[in-house]
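Have a look at the structure below, then the notes.
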Amino acid sequence: MRITFAPWGETLAEMADAAARAERAGAAVVWAPELHRSATVSAAALAQATSTAQVGTAIALAFTRSPMVTALEALDLDEISGGRFLLGLGTGVQRLNEDWHHARWGKPVTHLTETVRNVRAFWADACAGREIDLDGEHEPMRIRGYERPYPMVRDSIPVYLAAMGPAMTRLAGRIADGWISHELCSPAYLKSRILPEVETGLEAAGRDRDEIELVVSACCSVDADPAAAVDRVRGHVGFYASVRTYADFFDFHGLGEAQQRVVEAFRAGAGAEHLAEVVTPGMVDAITLNGDRDRVAEQLSAYEGIADAVKLSAPTHGLTPAQVRAGQDEVIALIHTLTGGRQ
């Protein structure tokens with residue numbers, strides 16, 4: 001099981017430095033998210049700060065870029081990284097796409113299927129000067145008289161899809177080189193809810209299990225003081241619990257009532273970044289990695305045999321930059337403990 005890492009930084013320079021330190025600690029991949037920064041620009045910074053770890057987007061929004069722009073950015077990032085890039089794509093939610101980005105939403109599974117098809121077709125055909133003529137409900141693509149005049153580092157770049165619901169998870173099994181979980185994903189949820197859907201998708205496409213890498217994301221709070229570890233991650237759990245979209249996830253863990261208390265606090269005026277006091281230690285234990293290094297290592301072992309890789313990240317919500325920084329340093333130290341560092 002590969003240990004990977006999602007670095008944080010107040011500046012891109014700090015984010016890149018954290019990635020470099022994680023690489024030295026033994027992280028196999030460093031991942032760039034998209035919300036407060038551009039995933040692709042951040043990935044470029046991470047690629048230039050590292051030399052051996054793979055660099056991925058986890059995730060870049062699929063519908064706010066044209067498939068051609070996505071394909072071009074991926075090629076550039078693969079060049080910058082020397083063939084280390086992983087293209088992680090996700091849909092985001094309808095409101096974000098339509099209200100924030102004025103992007104098309106449509107039927108997300110069909111839309112993402114066509115997006116991935118077009119990106120791969122561009123790499124295979126447009127870069128060789130061949131015509132592309134693809135129909136589509138959401139993403140038709142017609143390119144004639146075009147040839148990218150630069151060499152590709154690789155013939156194709158791995159495409160990973162973020163998925164939580166059954167239909168999108170099955171899609172990852174059908175077409176993706178990798179699947180990336182939401183930031184909160186317990187071993188039990190992965191085994192019971194995610195893996196069967198991935199396997200259904202694989203079977204439908206006639207693919208084997210080893211043709212897809214399952215990357216589970218795990219928010220990780222490490223501290224020699226177990227109570228401090230729990231406190232550091234309460235706000236992070238509260239942030240996600242305030243979103244009704246994740247009701248099924250919390251219900252699965254027997255936390256439906258606990259989530260409802262968070263939702264009520266949020267509706268009463270508590271900011272999403274300041275819900276820590278409503279989050280119980282039981283909620284934290286059920287869906288995060290927390291405690292001293294030995295305890296977190298033991299919690300991580302529960303993913304063995306289910307996940308192919310774990311993407312570790314430090315909690316950020318409801319914390320000052322100094323607190324996030326301290327938590328991140330602990331996670332990087334844990335990675336060194338787990339892997340023995342880069343050889």
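The values are calculated or read from the model by the stated rules, or taken from the named source; none is laboratory data. Not measured: the values here are computed from a predicted model. Don't worry about glycine lacking a Cβ; one is built from the backbone with ideal geometry, like all the others, and counts go over all protein chains shown.
Brief remarks on what is shown
- Tally of residues being under 15 Å from Ala32 (Cα atoms) and of a type in the set (Lys, Arg) across segment 74-119: 1
- Exactly one residue out of Leu72, Leu35 is surrounded by fewer than 23 Cβ atoms within 10 Å (Cβ to Cβ), assigned to a loop (DSSP other than H, G, I, E, B) and aliphatic (A, V, I, L, M): that is Leu35.
- In segment 38-49, residue farthest from the chain's Cα centre (by Cα) [restricted to those that are closer than 23 Å to Leu334 by Cβ and surrounded by 24 or more Cβ atoms within 10 Å (Cβ to Cβ)]: Leu46
- Flag for Thr200 being under 30 Å from Pro321 (Cα atoms) and surrounded by fewer than 22 Cβ atoms within 10 Å (Cβ to Cβ): no
- Subset of segment 146-168 [small (Gly, Ala, Ser), modelled with pLDDT of 95 or more and surrounded by fewer than 18 Cβ atoms within 10 Å (Cβ to Cβ)]: Ala167
Matching residues to (1) surrounded by 23 or more Cβ atoms within 10 Å (Cβ to Cβ); (2) in contact with a Lys or Arg (Cβ under 6 Å, 6 or more places away or on another chain); (3) hydrophobic (A, V, I, L, M, F, W, C):
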position	(1), (2), (3)
Ile287	yes, no, yes
Asp292	no, no, no
Ala297	no, no, yes
Ile306	no, yes, yes
Leu312	yes, no, yes
Pro321	no, no, no
Glu330	no, no, no
Ala333	no, no, yes
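- Among the residues of segment 213-230, just one is over 20 Å from the mean Cα position of the chain (by Cα) and over 19 Å from Ile332 (Cα atoms), namely Ala227.
- Single residue of Leu195, Leu202, Leu190, Leu171 found to be farther than 30 Å from Pro315 by Cα, part of a helix (DSSP H, G or I) and of a type outside the set (Phe, Trp, Tyr): Leu202
- Checking Ser221 against (1) assigned to a helix (DSSP H, G or I); (2) over 21 Å from Leu89 (Cα atoms), the condition it does not meet: (1)
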